[in-house]
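The structure appears right after this line, and notes come after that.
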Amino acid sequence: MSAAVCVRCGGEKSDYASSCPACGHRPTGDGLPIAWLLSAHNLDRKGREAVAERIRAGETLRPGRAQLDKARRAMGHTLASDPGLSTRQRVGLLATCLLLTPLPAWVMGLWWIRSRPRAGVQALALAVPTTALFTAIGLWGVFGTS
């Protein structure tokens, strides 16, 4: 058997990140950690064969949070390896927060916290103070002196 099993069809492929020659599926985004779990990096030959049979039988694989965290760490999706947001991205996100609403920073921060931890923390670090500022301005507008 090859070095990885296709998540979709249970076919053999050369690498967890490559396209499956049988069905053409190529894992991306959140599918990459699952694909890594079905590769030689995590399973021996017998384990890959067993998983391939389960997939061919129609079983849906749902790895637990601990397994997905293991895969992300092994793949380098950790705080130490994530480059985070560039200065231009941080300035753009801050401008959006100040001129429109801090909601995009909250959404991005919570969306990225698992897949891009440093970027997620940076987005949340912009969301919290701008939310406090928006709240203070709103309360001042409602209850302020006039």
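General observations
Yes/no matrix, rows are residues, columns are (1) more than 30 Å from ILE34 (Cβ to Cβ); (2) loosely packed, with under 13 Cβ neighbours inside 10 Å; (3) at pLDDT 90 or above:
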site: LEU94; (1), (2), (3): yes, no, yes
site: LEU99; (1), (2), (3): yes, yes, yes
site: ALA123; (1), (2), (3): no, no, yes
site: PHE134; (1), (2), (3): yes, no, yes
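- Residue in the range 83-92 that is modelled with pLDDT under 95 and surrounded by 12 or more Cβ atoms within 10 Å (Cβ to Cβ) present: yes
- If the condition is being part of a loop (DSSP other than H, G, I, E, B), touching a helix residue (DSSP H, G or I) at 6+ places or on another chain (Cβ under 6 Å) and among the hydrophobic types (A, V, I, L, M, F, W, C), then the range 92-117 contributes only ILE113.
- Considering the range 101-121, the residues that are under 24 Å from LYS70 (Cα atoms) and of a type in the set (Phe, Trp, Tyr) include one that is modelled with the highest pLDDT, namely TRP111.
- So ILE55, is it more than 28 Å from TRP111 (Cα to Cα), crowded, with 17+ Cβ neighbours inside 10 Å and either out of contact with any helix residue (DSSP H, G or I) (no Cβ under 6 Å at 6 or more places or on another chain) or modelled with pLDDT under 90 (or both): yes
The values are calculated or read from the model by the stated rules, or taken from the named source; none is laboratory data. Being a predicted model, the structure only gives us computed values, none of them experimental. All Cβ positions, even for glycine, are placed from backbone atoms using ideal geometry, and neighbour counts span all protein chains on display.
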